[in-house]
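Worksheet: the structure to be examined is printed underneath.
The values are calculated or read from the model by the stated rules, or taken from the named source; none is laboratory data. From a predicted model like this one, the values you see are computed outputs, not experimental measurements. Cβ placement follows ideal geometry from the backbone for every residue including glycine, while neighbour counts extend to all protein chains displayed.
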């Protein structure tokens, strides 16, 4: 079954007192997103959880995402970092598009290594948002760090709630 693009996305939010995930509905869902879409047979299937002002997702990258043997492709790492920042923005009840992305790769990310992708919003001024994200291993060593600028699309007059219709790219 295919979900319409206007279905709200569900970010898992752990409730400390119960330990069970609660759901926040905040933005349009694309079940075929390459990073978080669970209906994409070729996707990463990451699930982001809200943790205070940040979002996090555990990831064990497989061989399908390699560049050199045993090393994850930098473009895939950049994509995960971009998604972490986007999810951090969505967790604040906002929706925005990436207009600038800068990534610093600090060390190789090996196939099969468990890492955590973490994103957070840094600043929100009018329609412009800045955010950061990182990918770290279990010891806290940072593999990559990203800085992004996002732009909130103008809302049609009289509309102030999410989801915002996404313009067609055709």
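One line per residue, one yes/no per condition, for (1) more than 23 Å from residue 53 (Cβ to Cβ); (2) at pLDDT below 95; (3) under 18 Å from the mean Cα position of the chain (by Cα):
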| position | (1), (2), (3) |
| --- | --- |
| 110 | yes, no, no |
| 131 | no, no, yes |
| 144 | no, no, yes |
| 162 | no, yes, yes |
| 165 | yes, yes, no |
| 168 | yes, yes, no |
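Among the residues of this structure, residue 60 does not count as one that is farther than 24 Å from residue 149 by Cβ, surrounded by 16 or more Cβ atoms within 10 Å (Cβ to Cβ) and modelled with pLDDT of 95 or more.
Within the range 115-129, the residues that satisfy the criterion of being within 17 Å of the chain's Cα centre (by Cα) and in contact (Cβ under 8 Å) with a residue 12 or more places away in the chain are 115, 116, 117, 118, 119, 120, 121, 129.
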